[in-house]
Each structure stands twice: as C-alpha cells, then as structure tokens.
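A short worksheet on the structure shown next.
Values in this text are rule-based calculations from the coordinates and carry no lab data. Just so it is clear, the structure is predicted and the values come from calculations on it, not from any experiment. Positions of Cβ are generated from backbone atoms using ideal geometry, with glycine treated the same way; all protein chains shown enter the neighbour counts.
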Amino acid sequence: MATVQGALFPATGMPDRDWWHALWPDPVGVLEALGMRAGMVVVDLCCGDGYFTAPLARLVGPGEVIAVDLEASTLEQARAACRDCANCTFLQADARELTALVRQPVDYVLIANTFHGVPEQTALARSTFAVLRRGGRFAVVNWHALPRECTTVLGQARGPATAMRMSPQFVTQVVEPAGFELERQIELAPYHYGAVFRKP
C-alpha cells in the first residue's frame, strides 16, 4: 500500500480507505493472484495504513508479515488493522534501508502503489533482491500508465500524476538490472497491474 513518505517518495500519499475498498473490494484475491500463500514470510514494503497488511497476515499464517513504513501515524493504523494477527512485525523505517532491517531471507516482498515515487528504483530493487531467498519473489503493484483523468474512483480522478506513471515494460527495465527475472504480469482491474519478479 502507498506510504506517506511525501518528501522521499513523491506522490505516494495515503488515500482514504473508502476508495481503496471501492477500487479493491477483495484484497485477499489480489494477494492470491500475486502468488502469496500460507507459510510464507512476506515484507509489506511501504505498508501505509495496512489495507493489504491485515489480509496478508491472515493469508500467510502461520507465516509472518514484516510491515515497513516511514510514517508513524500510518504504521499505527496498520498495527490497529492487524490487532487480531499475532504474526506481524511493524518497522518504522525508510524502505531503502531494507537490508539493515531484514536479517533473515524472506519469501516475498510486496510494494504497492509506491514504486513510481521511488527516486532510485533499481537501488531499491537491489535491496529487495538481497533480502529474498533464492526463488523468492518481488511484486510491484502499479497504476497503469493511463492519463489520470481516466482512472476514476468514486467519481474522482485518482492515483499519481500521469507523468509519474510507469508502464510494466519500464518497471521491468529498472528492476531486472538488480538481478531479477520477470516471471509474469497480471492485470488487477480496473487500473492496476502486478509485475512479479523472481530471484533466480
């Protein structure tokens, strides 16, 4: 989920949950489509208010979720959303410090609605690569590169500015130099895609 790292990750502010629910009424379905399953250790990078974190924790149990966000207030919202989940760890930190935060190899790293605002995207991908086990996966969930006025939710244009949006091809160009292989791309209707990369 997006994070409120405004100055660091431009145009990645946390929207209100009502329109996230209107956009994605079935977050578990999104996570399953990306390939997350029971028993995995997953990093929810830039977790925001926990819209995906809580369903992810329930999905991967008895696995573990490590939720990372820079903003204390949204991290507290994520913690509250996961209050019934015993398998979550919450870390207030810059996403780019991932290798210092995660000491054991993980199965999956998810970053949703934030990657477009990361200043050094390949560097973040390298940090992600370093914390994954062999065969682990990195999913980038992004808005399609459509004009912002075309991506309406509850009657209003939503998402990052048109100029900041990244095509799946561009995401692949900046992630693969970190050592990843694109495994697959999935459509996440109505306006998103998920690019799933694998660590060989």
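Inspection of segment 63-79 finds a residue satisfying the criterion of being farther than 18 Å from Arg133 by Cα, touching a residue at least 12 places away in the same chain (Cβ under 8 Å), of a type in the set (Gly, Ala, Ser) and surrounded by fewer than 19 Cβ atoms within 10 Å (Cβ to Cβ). Within segment 29-62, if we keep just the residues that are among the acidic types (Asp, Glu) and not in a helix (DSSP H, G or I), the residue that is surrounded by the fewest Cβ atoms within 10 Å (Cβ to Cβ) turns out to be Asp49. Could you check segment 124-142 and list, in sequence order, the residues that are touching a residue at least 60 places away in the same chain (Cβ under 8 Å), crowded, with 18+ Cβ neighbours inside 10 Å and part of a strand (DSSP E or B)? Result: Leu132, Gly136, Arg137, Phe138, Ala139, Val141. The lone criterion from (1) in contact with a His (Cβ under 8 Å, 6 or more places away or on another chain); (2) under 16 Å from Ala178 (Cα atoms) left unmet by Thr122 is number (1). Evaluate the following for Val109: is it within 14 Å of Phe138 (Cβ to Cβ), among the β-branched types (Val, Ile, Thr), touching a Leu at 6+ places or on another chain (Cβ under 7 Å) and not in a loop (DSSP other than H, G, I, E, B)? So Val109 fits the description; yes.
Restricting attention to segment 161-200, the residues that are over 21 Å from Glu149 (Cα atoms), in a loop (DSSP other than H, G, I, E, B) and free of Cβ contacts under 8 Å to residues at least 12 places away in the same chain add up to 0.
Would you mind stating whether Thr74 is of a type in the set (Val, Ile, Thr), out of contact with any Leu (no Cβ under 6 Å at 6 or more places or on another chain) and part of a helix (DSSP H, G or I)? For Thr74, the condition - of a type in the set (Val, Ile, Thr), out of contact with any Leu (no Cβ under 6 Å at 6 or more places or on another chain) and part of a helix (DSSP H, G or I) - is met. The residues in segment 168-190 that are of a type in the set (S, T, N, Q), farther than 21 Å from Pro27 by Cβ and surrounded by 13 or more Cβ atoms within 10 Å (Cβ to Cβ) can be counted, and the count is 2. Considering segment 143-160, the residues that are among the aliphatic types (A, V, I, L, M) and not in a loop (DSSP other than H, G, I, E, B) include one that is nearest to Glu187 (Cα to Cα), namely Val153.
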